[in-house]
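The values are calculated or read from the model by the stated rules, or taken from the named source; none is laboratory data. Because the structure is predicted, anything quoted here is derived from the model rather than measured. Methodologically, a virtual Cβ is constructed for each residue, glycine included, from the backbone with ideal geometry; neighbour enumeration extends over all protein chains shown. These area figures cover heavy atoms from the full protein model, side chains too; ligands, DNA and RNA do not enter into them. Shrake-Rupley method; radii C 1.70, N 1.55, O 1.52, S 1.80 Å.
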Amino acid sequence: DAGITQSPRHKVTETGTPVTLRCHQTENHRYMYWYRQDPGHGLRLIHYSYGVKDTDKGEVSDGYSVSRSKTEDFLLTLESATSSQTSVYFCAISASAAGANNEQFFGPGTRLTVL
Amino acid sequence: RKEVEQDPGPFNVPEGATVAFNCTYSNSASQSFFWYRQDCRKEPKLLMSVYSSGNEDGRFTAQLNRASQYISLLIRDSKLSDSATYLCVVNLEAAGNKLTFGGGTRVLVKP
């Protein structure tokens, strides 16, 4: 299995509080991604990174920010959590963006509940 | 219309039987295709990439039909452990490797 960890694995927080989720990889892959998974919507891309300090928005980026100061860490921040952000969050990594080795490998997920 | 569509199932399959299901995608410029497996409350795990010529990995066979814009997955000699949700995944943009996921097809293998 790819070396990807996410922390925390579970979190319950209140509306309006800031939340930071961490993704850590030991594969030295260049690309990292944050997804959320909700019933009826499948997996949707929030933000992704194509290198240290290089990030871009995905399909559902509103209300989220990211940072990548090191190759191995990709942080997802909810500046002011809302109940609509209750979801399961998955981090993924890939060695390349196209062609060979563009498969993405997923972390174990973080289950976030916003009350 | 969703960009990637799958029959949600469930497909109830007797142990030892063969099951096959498809996924359709809307963007003809799609470049990479994958099948992932997801168990309940777990992360998606790559099952196989799908190549233009079709490919096989043990009991699993994947096919790509670019003309009709669908990919398929066939599972032979189904095992109880094959029970899972199978996600069809399409890379719609080469830059950034931004995948689009289907909603998943649930497969239940029963004794």
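Some values worked out for this structure:
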quantity: Convex hull volume per residue for the range B:39-111, taking Cα atoms only, in Å³; calculated: 111
quantity: Shielding by other protein chains, B:14-23, mean Cβ within 10 Å; calculated: 0
quantity: When each of A:Lys53/B:Lys42; A:Lys11/B:Lys42; B:Lys42/B:Lys98; B:Lys2/B:Lys45 is checked by Cα-Cα distance, pairs over 18 Å; calculated: A:Lys53/B:Lys42; B:Lys42/B:Lys98; B:Lys2/B:Lys45
quantity: Longest to shortest principal axis, alpha-carbon extents of chain A, angstrom; calculated: 42, 30, 24
quantity: Of all accessible heavy-atom area on chain A, the percent that carbon and sulfur account for (1.4 Å); calculated: 48
quantity: Per residue, in Å², the accessible surface of chain A once ligands and nucleic acids are set aside, probe 1.4 Å; calculated: 46
quantity: Under the Debye formula (equal points on every Cα, no solvent term), log10 I(q)/I(0) of the range A:35-84 at q = 0.13, 0.19, 0.23, 0.24 Å⁻¹; calculated: -0.32, -0.65, -0.88, -0.94
quantity: Partner chain coverage, peptide A:29-36 - average Cβ within 10 angstrom; calculated: 1
quantity: Rel. contact order, % - alpha carbon contacts under 8 angstrom, at least six apart, chain B; calculated: 37
quantity: Antiparallel DSSP beta bridges within the range A:8-115, percent to nearest 5; calculated: 90
quantity: Residues with amide H under 5 Å from that of A:Thr71, placed H, sequence gap 5 or more; calculated: none
quantity: Across chain B: Cys residues that no other cysteine approaches within a C-beta distance under 4.7 Å; calculated: B:Cys40
quantity: Inter-chain shielding of A:43-51 (mean C-beta neighbours from other protein chains, 10 Å cut-off); calculated: 3
quantity: Over the protein assembly as shown, equivalent-ellipsoid semi-axes from the Cα gyration tensor in Å; calculated: 30, 20, 16
quantity: Placed amide H near B:Met48: partners under 5 Å, 5+ positions off or other chain; calculated: B:Trp35
